[in-house]
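Q: First the structure, then my questions, so here it is.
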Amino acid sequence: MDFSFTDEQQMLRDGVGKFLEKSYDFDTRQKLVNSDAPWSADAWQQFAEFGLLALPFSEEQGGLGGSISDCVAFAELFGKHLVIEPYLGSVMLAGSALAQSGHAAAQEWVEKIVSGEAVAAFAFEEGHGTASPELVAMTAQGSGDSARLTGEKRLVHAGGDADAIVVLAKKGEGGPLAFYLVEAGADGLDARAYTTIDGRSAANITFTDVAATELGTSEEAVEKLISEAIIVQSAEAVGAMGALVAMTGEYAHTRKQFGVPIATFQAVAHRLADMKIAYTKARATLIYTTALAESGAATPRDIAILKGQIGKLGRAVGEAAIQTHGGVGMTDELSVSHYHKRLLACDTTFGDHAYHFRKVGMG
Amino acid sequence: MMDIVPARFAMAGTTGREMKIEFAPELEAFRAEVAEFFATAPTPAIREAGRKTTSVFAPFKECMEWHRILYDKGWVAPHWPEEYGGTGWSVEQRFIFAEEYRKADLPPLLPQSLGMVGPLLIDIGTQEQKDRYLPGILNGDDFWAQGYSEPNSGSDLASLSCRAEPDGDDYIINGSKIWTTYAHHANRMFMLVRTSTEGKKQQGITFLLLDRIDYPGMEIRPIVGLDGFPEQCEVFFEDVRVPQSGRVGEENDGWSVAKHLLKHERGGGNAASPTLMRYCERARAAAEKTPSPFGGMLADDAVFQREIGELEADIASLGHFEKLAISGHEIARDPAFPSMNKTINSELVQRASVLMTQVSGVDGLARQLEALRVGSNVEPLGSEFDLVSMPLYLNSRATTIYAGSNEVQRDLIARTVSGS
Ligand SMILES: Cc1cc2nc3c(=O)[nH]c(=O)nc-3n(C[C@H](O)[C@H](O)[C@H](O)COP(=O)(O)OP(=O)(O)OC[C@H]3O[C@@H](n4cnc5c(N)ncnc54)[C@H](O)[C@@H]3O)c2cc1C
């Protein structure tokens, strides 16, 4: 087995990495987060040029036919730079859901997403514990092109800014799951937009008898889509962890107290060691699970192990980084706290580590 | 919660007599009186501030209003000696007061004035300093900031370099301080300055009271914290002239003054366990309304119960430790006591806040700075519990850093365990 990135993936990493290094440094990112813009249109355009927006889609759909490991290759860099653009929601989740559907309207949206012309949001979460698709309670009335949606979705990334929203709901009372397409501005949509603690634009959306187009789907397809999103999100988390380990190590070797670098205190040195162990363990599980998923062999248990580990280890690394930085780690000015908030968001979205560990334990 | 408080704790171990833990009936009347006052005296804004306190430092304005109300009632400083404005309550009464205070979710009073500089002046201030400063601390006219830390002197406080040069009856201060909590609200400040570079670094430090915080040459810049709120500040001094009469203790003897004060800071005049239990109660109440992803409500979920149970057991132990300590038990005379108290307490605050964010789930991920402000007309996205849990978690990352980081505390504790 070979778990290294291919030459092509390495090239993609180099390109995306250079771009982010140059145009997405922390100060620029903070200006963006504190501005009125939900994300950077320029960065989004660049992602389109790198082919990232086309990557997961098949060639027939105007995509590049990329694989999950291609996405992991650059997503680590997204985490390293705390990218706030809605890649996961628009491309990995809403985009894939649309791509699965044979509906003509869905295909049109895929084209627009691939070209960067449109952004779609993915409405899945309903509050607590909807980490598994089978727990989605929202129910659609009617079918085909005349479905109607009523209910509430929360933490919809880009939900207030997207051109289209893909909603997961049940087909009638107790029916199977299906995706529904809702266009921005539809009657009965009420989005309350906000910024998340990790700087992304999101919304809680109330649907009151909203006109929707049924896109269809199967339980398995939903499961796969969310599993892949979890893998990509985990890659972002691992990227953030790596950045924290590096900057905390550097800080501990330069910050002096009692006349010596704090890294020379055993309590600090051992914490640095634990951070590195956590990061390495998380990255190993990420890469291995990605390989499993790529070969079609990843089970729900594998995904739960990944999600649980990333959530727990990510939190631990973030907390250790803040503690090691002391007072400065507590500030908004330094990136450390922002990395930690991204890791908290990764842990919480799609079910936190406690939830996934329990899934693993249930066998 | 804990309704039974040792009525005569001092007995066990020290005198050989049996320890009694029943409550004397007259104390129940006292409890009722306190509860009644807490139910009626605070304004709605003060209550809101109490519920929206996401730090050990409550929202300033409402907190000081509440301070004033307690002052008028004569209850603002139960831990002070009666002659200086304390209540003269027994240990049991003080504990009941603290318990009822937490149950009512009222804003905690700010520690720097009543908890630090006040007791310090009572212990070792000159008569003139007491006359001059204690009344304003009690009635809340004054609010003191604590100027110890510097950009290059955190854990190694003795390395501080902000300099004070004697000049006639004054000192001239140059340098800077950082992490000074609420300096942007304060009107006075106590600080450590370097007055000599000779000998051991601890020996050239002096403790100063500044009777104002707006001396010419002083500049205060708030620092925004990871929760989005300005709580700490940087304070800059450029040729700031202050009177030497503000010195506490002798010149160059500030280290022992500061060590004395530290006992008040770390020892914690106020018991923390009732607050922590209150966090658990709130988490439990929220969990009763939160569906578990495994069916039923989160509060009925076995894993949640195990987790909150372990946490509550640990908090209960802290409560036992605190009660023994305030009863004068020998554990409080252990030289490691303040460090142990600080370590246990700070880590429990963090664990409780983690549990709270777990109950809030995705609803904790929204950044809702506006809704958190007292008097805000912005509706929170979820419940008030969800609004508070994440900022509380983020802010509580500091509890293991300030007042001497937990690594440094463990070093101090370890020293008392060694064979020597
Ligand atoms: C919320 C908050 C409020 C505060 N309020 C005030 C205030 O009002 N007034 C005031 O003067 N200060 C205040 N402080 C400052 C606080 O006291 C310092 O942050 C603290 O002393 C740590 O110093 P530092 O931040 O410089 O970290 P550093 O001392 O640089 O420590 C960084 C890391 O190194 C570790 N470390 C350092 N020395 C050792 C050692 N010998 N062995 C093992 N590990 C070690 C620390 O534990 C920490 O993990 C506040 C801080 C915070 C976060």
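The values are calculated or read from the model by the stated rules, or taken from the named source; none is laboratory data. Source: prediction; values computed, not measured. Here Cβ is always computed from backbone atoms with ideal geometry, including for glycine, and neighbour counts include all displayed protein chains. The protein model used for the area step is the full one, side chains on, heavy atoms only, and it has no ligands, DNA or RNA in it. Shrake-Rupley method; radii C 1.70, N 1.55, O 1.52, S 1.80 Å.
Q: Is there a residue in segment B:215-225 that is among the basic types (Lys, Arg), more than 27 Å from B:GLY136 (Cα to Cα) and within 14 Å of chain A (Cβ to nearest Cβ)? Outline the logic, then answer.
A: Kept after step one, since they are among the basic types (Lys, Arg), are these residues of segment B:215-225: B:221.
Those still in the list that are more than 27 Å from B:GLY136 (Cα to Cα) too: none.
Scanning segment B:215-225 turns up no residue that is among the basic types (Lys, Arg), more than 27 Å from B:GLY136 (Cα to Cα) and within 14 Å of chain A (Cβ to nearest Cβ).
Q: Right, here's the next one. Looking only at segment B:22-44, count how many residues are out of contact with any Phe, Trp or Tyr (no Cβ under 9 Å at 6 or more places or on another chain) and in contact (Cβ under 8 Å) with a residue 40 or more places away in the chain. I'd like the intermediate steps shown before the answer.
A: So in segment B:22-44, the residues out of contact with any Phe, Trp or Tyr (no Cβ under 9 Å at 6 or more places or on another chain) come out as B:22-29, B:32-33, B:35-36, B:39-40, B:44.
Checking which are in contact (Cβ under 8 Å) with a residue 40 or more places away in the chain leaves us with B:23-24, B:27, B:35, B:39.
Result for segment B:22-44: 5.
Q: If you don't mind, another one. Condition first: within 12 Å of chain A (Cβ to nearest Cβ) and farther than 17 Å from B:ALA258 by Cα. Now tell me which residues in segment B:137-173 satisfy that.
A: The answer is B:PRO151, B:ASN152.
Q: Can you name the number of the only condition in (1) touching a residue at least 40 places away in the same chain (Cβ under 8 Å); (2) within 14 Å of chain A (Cβ to nearest Cβ); (3) under 29 Å from B:GLU62 (Cα atoms) that B:ASN341 fails?
A: The failed condition is (2).
Q: What are the pairs, 6+ residues apart or on separate chains, where a residue within segment A:243-266 that is under 16 Å from B:GLU407 (Cβ atoms) has its Cβ under 9 Å from a residue that is among the hydrophobic types (A, V, I, L, M, F, W, C) and more than 13 Å from the ligand (Cβ to nearest atom)?
A: A:THR248/A:VAL317
Q: Please determine, by comparing only the residues of segment A:290-345 that are away from the ligand (no atom under 16 Å from the Cβ) and among the acidic types (Asp, Glu), which one is least open to solvent (accessible area, probe 1.4 Å).
A: Within segment A:290-345, the first condition is being away from the ligand (no atom under 16 Å from the Cβ), and the residues that meet it are A:290-315, A:335, A:338-339, A:341-345.
Filter again for among the acidic types (Asp, Glu), leaving A:294, A:302.
On the way: A:GLU294: 90, A:ASP302: 39 Å².
Going through the qualifying residues, I end up with A:ASP302.
Q: Still on this model: Identify the residue in segment B:134-155 that is open to solvent by less than 10 Å² (accessible area, probe 1.4 Å) and either out of contact with any helix residue (DSSP H, G or I) (no Cβ under 9 Å at 6 or more places or on another chain) or touching a residue at least 60 places away in the same chain (Cβ under 8 Å) (or both) and, among all such residues, is farthest from A:PHE258 (Cα to Cα).
A: Step by step, filter segment B:134-155, then rank; the result is B:PHE143.
Q: Sticking with this one: So A:VAL91 fits all but one of (1) of a type outside the set (Asp, Glu); (2) under 30 Å from A:TYR24 (Cα atoms); (3) touching a helix residue (DSSP H, G or I) at 6+ places or on another chain (Cβ under 8 Å); (4) within 14 Å of chain B (Cβ to nearest Cβ); what number is the exception?
A: Result: A:VAL91 passes all but (4).
Q: So A:PRO176 ticks every box in (1) within 14 Å of chain B (Cβ to nearest Cβ); (2) more than 16 Å from the ligand (Cβ to nearest atom); (3) open to solvent by 20 Å² or more (accessible area, probe 1.4 Å) but one. Which box is left unticked?
A: (1)
Q: Please go through segment B:62-83 and give me each residue that is surrounded by fewer than 16 Cβ atoms within 10 Å (Cβ to Cβ) and either polar (S, T, N, Q) or at negative phi (or both), ordered by number.
A: First, the residues of segment B:62-83 that are surrounded by fewer than 16 Cβ atoms within 10 Å (Cβ to Cβ): B:68, B:72-74, B:81-83.
Hits for segment B:62-83 are B:ARG68, B:ASP72, B:LYS73, B:PRO81, B:GLU82, B:GLU83.
Q: Do any residues in segment B:371-400 that are within 11 Å of chain A (Cβ to nearest Cβ) have Cβ atoms under 6 Å from those of residues that are hydrophobic (A, V, I, L, M, F, W, C) and within 16 Å of the ligand (Cβ to nearest atom), where the two are at least six apart or on different chains, and which pairs are they?
A: From residues that are within 11 Å of chain A (Cβ to nearest Cβ), the pairs are B:LEU394/B:LEU226; B:SER396/B:VAL349; B:ARG397/A:ILE322; B:ALA398/A:MET330; B:THR399/B:VAL349.
Q: For the subset of segment A:179-203 comprising residues that are touching an Asp or Glu at 6+ places or on another chain (Cβ under 7 Å) and surrounded by 23 or more Cβ atoms within 10 Å (Cβ to Cβ), which member is nearest to B:GLU379 (Cα to Cα)? Lay out the reasoning, then the answer.
A: As a first pass, look at segment A:179-203 and keep what is touching an Asp or Glu at 6+ places or on another chain (Cβ under 7 Å): A:180, A:184, A:188, A:201.
Narrowing further to those that are surrounded by 23 or more Cβ atoms within 10 Å (Cβ to Cβ): A:180, A:201.
Values: A:TYR180: 29, A:SER201: 18 Å.
Taking the candidates together, the pick is A:SER201.
Q: Pick out the one residue from B:SER155, B:SER196, B:SER161 that is more than 15 Å from the ligand (Cβ to nearest atom) and assigned to a loop (DSSP other than H, G, I, E, B).
A: On the way: B:SER155 fails: more than 15 Å from the ligand (Cβ to nearest atom); B:SER161 fails: more than 15 Å from the ligand (Cβ to nearest atom).
The unique qualifying residue is B:SER196.
Q: Just checking: which of the helices (runs of 4 or more DSSP H) contained wholly in segment B:281-387 hold 2 or more residues that are over 24 Å from A:LEU155 (Cα atoms)?
A: Details: elements: B:302-326, B:337-360, B:369-372.
Those helices (runs of 4 or more DSSP H) span B:302-326, B:337-360.
Q: Which count do you get for residues in segment A:105-141 that are under 21 Å from the mean Cα position of the chain (by Cα) and among the polar types (S, T, N, Q)? I'd like the intermediate steps shown before the answer.
A: Of the residues in segment A:105-141, the ones under 21 Å from the mean Cα position of the chain (by Cα) are A:109-110, A:112-136.
The next check asks that each one be among the polar types (S, T, N, Q); those that pass are A:115, A:130, A:132.
The number of residues fulfilling the criteria is 3.
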